[in-house]
1. Restricting to DSSP loop positions (anything but H, G, I, E, B) with no more than 11 other Cβ atoms inside 10 Å of their own Cβ, which chymotrypsin sites (Phe, Trp or Tyr not before Pro) remain in segment 1-104?
2. Can you put His123, His70, His53 in order of accessible area, largest first, using a 1.4 Å probe?
3. Sum -39500 (n - 2.57) across every DSSP H segment of at least 4 residues in the chain, then divide by the residue count to get the 222 nm mean residue ellipticity, nearest 500.
4. By how many degrees, between 0 and 90 and to the nearest 10, does the Cα long axis of helix 87-120 differ from the longest principal axis of the chain?
5. Roughly speaking, to the nearest percent, how much of the chain's 1.4 Å accessible area is carbon and sulfur?
6. Ignoring ligands, DNA and RNA, what accessible area per residue does the chain give at 1.4 Å, in Å²?
7. Taking the highest mean first, how do the peptides 17-23, 75-81 order by number of other beta carbon atoms within 10 angstrom per residue?
8. Starting from the Cα of Lys110, draw a straight line to each of the lysines and keep only those under 30 Å, dropping any in the same chain fewer than 8 residues away.
Amino acid sequence: MRAAHEIALPATFPEAALRAGRGRCPRCGEARLFRKWLKPNDSCAACRVDLTHQRADDFPAYIAMIVTGHLMAPIVIALSKDFALEPLAIFLIVIPLALAMMLGMLQPVKGAVIAAQWWFGLHGFVRERPLASEGDAP
């Protein structure tokens, strides 16, 4: 564990979102973001950032549903048109696949939503950015 002044803040929002999507703190990338499947820790064990400000609510579920629906639509069309499967066979293929996609997507998407809230300083988070290096001009 590094000291608070040694924390390497992410340089970009995608880096912060990737850290959180992997289940790590969006600020330091070291400690676990979630204590349970969809329950974030109250604070980061490494950098001590307060995570109680997050308000992801239902937004990750909406994102997961939209992505799953857009990915499943061509699969359902292909199964019904190209393979001429019976409705029961399509149901037995599509429902487990859609459930697996939804459940697999929820935690990474929730992490990315928390990262967005931290990165942009929403809901009580302090907006932080890494210090510009000497070669960077404002």
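1. Here the chymotrypsin sites (Phe, Trp or Tyr not before Pro) that fit, given the DSSP loop and packing criteria, are Trp37, Phe83.
2. Descending accessible area places them as His70, His123, His53.
3. Computed ellipticity for the chain at 222 nm equals -16500 deg cm²/dmol.
4. The helix 87-120 is inclined about 10 degrees to the chain.
5. Taking all protein chains in place, the chain shows 64 percent carbon and sulfur surface.
6. 63 Å²
7. 17-23, 75-81
8. Straight-line reach from Lys110, under 30 Å: Lys36, Lys39.
The values are calculated or read from the model by the stated rules, or taken from the named source; none is laboratory data. What you are looking at is a predicted structure, and each value in this text was computed from that prediction instead of being measured. Positions of Cβ are backbone-derived with ideal geometry, glycine not excepted, and every protein chain shown enters the neighbour counts. Only protein heavy atoms, including side chains, enter the accessible area calculation; ligands, DNA and RNA are left aside. Shrake-Rupley method; radii C 1.70, N 1.55, O 1.52, S 1.80 Å.
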